[in-house]
Amino acid sequence: MGSTLIHPGPVRNKKHIMTHTVKMNLNCPMPKFDYDKITLGHGSGGLLTHRLLKSGVFDLFKNSMMDQQHDGASFEIQGRQAFSTDSYVVSPIFFPGGNIGDLAVNGTVNDLAMCGASAKYLSLSFIIEEGLTMESFWEILVSIKKAADKAGVMVVTGDTKVVEKGKGDQLFINTSGIGPIHPRAQIHHHRIEAGDSIVVSGNIATHGITIMSLRKGLGFETDVRSDTTNLNHTVIHLIDKFGEDIKFVRDPTRGGLASVLNEIAELTQLCYQLDQKSIPIDPQVEGACEMLGLDPLYVANEGVFVAVIKKEITGEFLDLLKRDERGRQAALIGEVNTSYPGKVILKSRIGGSRVVNYLTGEQLPRIC
């Protein structure tokens with residue numbers, strides 16, 4: 001994420017975003033902190049660090065393992081487990097539909113869900129830039145707590161570091177998660193075969209365009225909100241019903257749908273044939289992509305997954321998925337075949353076809 005093709009700028013509707021988040025957090029009043037802003041002393045490991053954690057962090061994430069306030073969490077693991085870690089550097093840290101906090105929880109929960117696992121325990125680490133306001137930090141903490149509760153995952157350990165002003169872009173978050181794999185889950189690209197169906201769970205490119213709409217000098221406004229959400233309950237429900245008939249699941253975050261499909265096309269040496277008319281996308285998002293010269297197939301998502309499933313279950317799979325609030329826009333978007341091994345092919349709305357290659361550059365830095 002070192003690209004700077006588009007530079008972060010001030011959020012034009014920050015007032016609206018802050019009002020929204022404050023309203024959301026009324027049932028979690030901010031405790032009294034000793035300082036209005038994060039200082040370097042808060043990362044020293046000394047008294048200020050202790051007070052920062054004691055002023056609300058430990059109480060907010062209270063559970064038997066967090067209460068130990070130890071260097072790590074101790075728990076027993078049995079059976080197949082999935083483990084995932086990710087770092088979040090989105091800019092701006094507040095955006096319509098969410099913030100860097102719930103994005104971090106949802107991202108790791110979803111990575112585990114794509115393995116067929118239910119996230120159970122989460123680590124939470126902050127790299128905070130000196131000068132971040134305590135109000136902003138508290139709002140993010142509360143959003144993390146709410147996202148974790150919604151996903152059914154416990155924050156059990158973590159870390160806090162503070163860097164000098166100008167070296168952290170306000171806040172970076174790392175989350176790692178672990179959880180048991182569903183006994184019926186058999187998710188692996190080796191299981192994909194010609195004839196399988198390709199399904200996407202909802203509108204694509206929404207998160208990326210939400211972040212793009214806040215960038216300096218882009219000059220357009222939309223009502224689009226990030227699709228960040230947890231997908232674990234949805235995916236586990238589908239595995240309950242269809243088991244090993246679900247061959248492959250992945251959330252197309254950075255690089256979008258095109259990058260995920262290119263990865264598995266290369267691994268399986270099968271052709272992934274898409275129908276452009278069938279790919280769901282919000283009209284505002286599609287219009288913004290056209291105006292900016294972006295292909296929505298490459299734009300990031302945070303609340304969508306793509307699945308490769310056995311053809312025979314496609315209708316029933318979609319019916320069940322569309323009854324879920326996270327899958328109402330789900331659609332069959334293509335099939336796996338052998339026509340162009342190792343390639344992703346898109347049939348356009350006007351009837352022609354083209355190869356969809358890997359993204360060759362970075363469309364949008366600090367997206368997730």
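Tabulated data for the structure shown
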| quantity | calculated |
| --- | --- |
| Matching residues in the stretch 328-347 - criterion: being part of a loop (DSSP other than H, G, I, E, B), touching a strand residue (DSSP E or B) at 6+ places or on another chain (Cβ under 7 Å) and surrounded by fewer than 21 Cβ atoms within 10 Å (Cβ to Cβ) | Thr338, Ser339, Tyr340, Pro341, Lys343 |
| Residues of the stretch 68-86 satisfying the condition of being more than 25 Å from Ile100 (Cβ to Cβ) and in contact with a helix residue (DSSP H, G or I) (Cβ under 7 Å, 6 or more places away or on another chain) | none |
| Some residue of the stretch 158-173 being charged (D, E, K, R), assigned by TED's automatic domain parsing to the domain that holds Ser44 and buried (at least 19 other Cβ atoms within 10 Å of the Cβ) | no |
| Some residue of the stretch 103-121 being aromatic (Phe, Trp, Tyr) and under 21 Å from Lys37 (Cβ atoms) | no |
| Filtered residues of the stretch 149-191 (kept if in contact with a strand residue (DSSP E or B) (Cβ under 6 Å, 6 or more places away or on another chain), at pLDDT 95 or above and among the small types (Gly, Ala, Ser)) | Ser176, Gly177, Gly179 |
| Enumeration of residues in the stretch 243-299 that are polar (S, T, N, Q), surrounded by fewer than 17 Cβ atoms within 10 Å (Cβ to Cβ) and in a helix (DSSP H, G or I) | Ser278, Gln284 |
| Out of Glu302, Glu316, Glu325, sole residue that is of a type outside the set (Phe, Trp, Tyr) and buried (at least 18 other Cβ atoms within 10 Å of the Cβ) | Glu302 |
| Test result for Met134, farther than 22 Å from Phe83 by Cβ and in contact (Cβ under 8 Å) with a residue 12 or more places away in the chain | yes |
| Criterion (among the hydrophobic types (A, V, I, L, M, F, W, C) and surrounded by fewer than 17 Cβ atoms within 10 Å (Cβ to Cβ)) met by exactly one of Phe61, Phe137, Phe75, Phe126 | Phe75 |
| Check on Gly217, modelled with pLDDT of 95 or more, in a loop (DSSP other than H, G, I, E, B) and assigned by TED's automatic domain parsing to the domain that holds Ala331 | no |
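Table: residues versus (1) among the charged types (D, E, K, R); (2) in contact with a Cys (Cβ under 7 Å, 6 or more places away or on another chain).
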{"residue": "Leu321", "(1), (2)": "no, no"}
{"residue": "Leu332", "(1), (2)": "no, no"}
{"residue": "Glu335", "(1), (2)": "yes, no"}
{"residue": "Ser339", "(1), (2)": "no, yes"}
{"residue": "Ser353", "(1), (2)": "no, no"}
{"residue": "Tyr358", "(1), (2)": "no, no"}
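The values are calculated or read from the model by the stated rules, or taken from the named source; none is laboratory data. For clarity, every value in this text was computed on a predicted model and none was experimentally measured. Methodologically, a virtual Cβ is constructed for each residue, glycine included, from the backbone with ideal geometry; neighbour enumeration extends over all protein chains shown.
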